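Below: the structure, in structure tokens.
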Amino acid sequence: MKFSINSSLLSQRLQTLGRVINSKNAMPILGNFLFKIADNVLTLTASDNEVYLTTTLELIASDGELEFTVNAKTIQDAIKEIPEQPMEFDVDNSTLEITIGYQNGQYSLMGESAEAYPLAKPIEEDCSALVINSQDLYSSINRALFATGDDQLRPVMNGVYFDYQTSGLSIVASDGRKLACTRLFSLNAEQNNSFNLPKKPANIIKGILQKEEQDITIRFSQRNAELTTEDYKMSCRLIEGKFPNYNSVIPQNNPNSMTVNRQSLISALRRILIFSNVGSPLVKLHIEAGRLEVSTKDMDYRRSGQESLLCEYDGAPMNIGFKGTLLVELLNNLEDEEVIFRLADASRAGIIVPAQQDENVEIVMLLMPMMLND
């Protein structure tokens, strides 16, 4: 059979789907893309046996129906080098030999049977559903991924937790040292539900959402979730287990409040971190009325750095230490021009929030302090 398709569109979809495929697979066929042609539509699927990502494309022309698989790396690398143009696939139905013709030449490669390719199980009929704006979901996941853990002994901390309550949707991640929480009060569930999305599918859907403008539908049960965008459908297994009570670790009574320009603080931190201890980049913040002093020392190499910034501060003068690299990463995951630090003392978690919160949205970032040596 033969079918024709736009080369750039196919390449772009294959590059996105390729993020699902692992470099090593227990089943060799999972190193392939699944091609399914029917009714002049091409359906592409990639899977690692836990995450399934599917997309559909209208064909320029086709003369039949067929299913086959192709090695993912081979076809990705070959097609991405072809300028935008119509491309014709000629597939031998019996041997699955594939000839790809384009303006200046052609490729030949072998396909494989689709019979052994695993398919995603349909989600349970009694699942819950959530419809969310694509950019709200993108920014919430992007912010949360910074705080996810990597501890194999605590897998519940390694994903992005969706807490869908009658009072709103909270999208949360924490590894015990840092926490990111976005609350969307405009999304209210009929009854309280939650699910924990693993880091890999969260990263994949973040990449897809960056260019999406439509609402996203999420259907989820206790074990599986299905996310549907305009061009893609992703099915995945969820992390099982109870996510910790994140609300209990967010301090509610930090009396000291500092407002500072976010980009100025990031720039100052980057400069002085050059002089910090590489293994433990402790940064000391000395805060007093109208002034923030940021400093670090590396006693092994006898070097140090210190800068002062203007700030607005309401509270008693205080010192507090943070891991400098984490503080920079946290600030990079906020977007407002100014941020507010809500602090209690040098031993209790600091809360960092945007100075201006959007309507019906609350963003809260938490960072545990490091012990100061002085």
Selection status of L59, within 23 Å of K200 (Cα to Cα), open to solvent by less than 30 Å² (accessible area, probe 1.4 Å) and touching a residue at least 40 places away in the same chain (Cβ under 8 Å):
no
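Residues checked against (1) open to solvent by less than 20 Å² (accessible area, probe 1.4 Å); (2) farther than 26 Å from S8 by Cα; (3) without any contact (Cβ under 8 Å) to a residue 40 or more places away in the chain; (4) touching a Ser or Thr at 6+ places or on another chain (Cβ under 9 Å):
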{"position": "D77", "(1), (2), (3), (4)": "no, no, yes, no"}
{"position": "F146", "(1), (2), (3), (4)": "yes, yes, no, no"}
{"position": "S167", "(1), (2), (3), (4)": "no, yes, yes, no"}
{"position": "S186", "(1), (2), (3), (4)": "no, yes, no, no"}
Can you name the number of the only condition in (1) of a type outside the set (F, W, Y); (2) within 21 Å of L119 (Cα to Cα); (3) open to solvent by 10 Å² or more (accessible area, probe 1.4 Å) that A46 fails?
(3)
Pairs under 8 Å by beta carbon, first residue free of Cβ contacts under 8 Å to residues at least 24 places away in the same chain in the range 5-34, partner of a type in the set (S, T, Y) and open to solvent by 40 Å² or more (accessible area, probe 1.4 Å), six or more apart or different chains?
none
Residues located in the range 62-73, provided they are open to solvent by less than 70 Å² (accessible area, probe 1.4 Å) and within 33 Å of the chain's Cα centre (by Cα)
F68, T69, V70, N71, A72
Any residue at all in the range 95-107 that is part of a helix (DSSP H, G or I) and either more than 30 Å from R237 (Cα to Cα) or of a type in the set (F, W, Y) (or both)?
no
Can we say S276 is hydroxyl-bearing (S, T, Y) and open to solvent by 60 Å² or more (accessible area, probe 1.4 Å)?
no
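One line per residue, one yes/no per condition, for (1) hydroxyl-bearing (S, T, Y); (2) over 30 Å from M318 (Cα atoms):
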position: R223; (1), (2): no, yes
position: C236; (1), (2): no, yes
position: I239; (1), (2): no, yes
position: P244; (1), (2): no, yes
position: S248; (1), (2): yes, no
position: Q252; (1), (2): no, no
position: N261; (1), (2): no, no
position: S264; (1), (2): yes, no
position: I272; (1), (2): no, no
Quick check: is even one residue across the range 49-58 in contact with a helix residue (DSSP H, G or I) (Cβ under 6 Å, 6 or more places away or on another chain) and assigned to a helix (DSSP H, G or I)?
no
Could you tell me whether any residue of the range 72-85 is of a type outside the set (V, I, T) and in a strand (DSSP E or B)?
no
Can you find even one residue in the range 307-319 that is crowded, with 18+ Cβ neighbours inside 10 Å and part of a strand (DSSP E or B)?
yes
Please note which strands (runs of 3 or more DSSP E) are completely contained in the range 164-283 and include at least 3 residues that are within 20 Å of Q357 (Cα to Cα).
168-174, 178-184, 256-261
Restricting attention to the range 360-374, which residues are at pLDDT below 95 and out of contact with any Phe, Trp or Tyr (no Cβ under 9 Å at 6 or more places or on another chain)?
M371, L372, N373, D374
Pairs, please: C-beta under 6 Å, at least 6 apart or cross-chain, first residue within 16 Å of S267 (Cα to Cα) and in the range 294-310, second among the β-branched types (V, I, T) and part of a strand (DSSP E or B)?
T296/V283; G305/T296; E307/V294
Output yes when any residue across the range 27-43 is among the small types (G, A, S), under 25 Å from L209 (Cβ atoms) and surrounded by fewer than 16 Cβ atoms within 10 Å (Cβ to Cβ), and no when none is.
no
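The values are calculated or read from the model by the stated rules, or taken from the named source; none is laboratory data. Since we're looking at a predicted model, the values are computed, not measured. Note that we place each Cβ from the backbone using ideal geometry, even for glycine, and neighbour counts take in every protein chain shown. When the accessible area is computed, the model is the full protein with side chains, heavy atoms only, and any ligands, DNA or RNA have been set aside. Shrake-Rupley method; radii C 1.70, N 1.55, O 1.52, S 1.80 Å.
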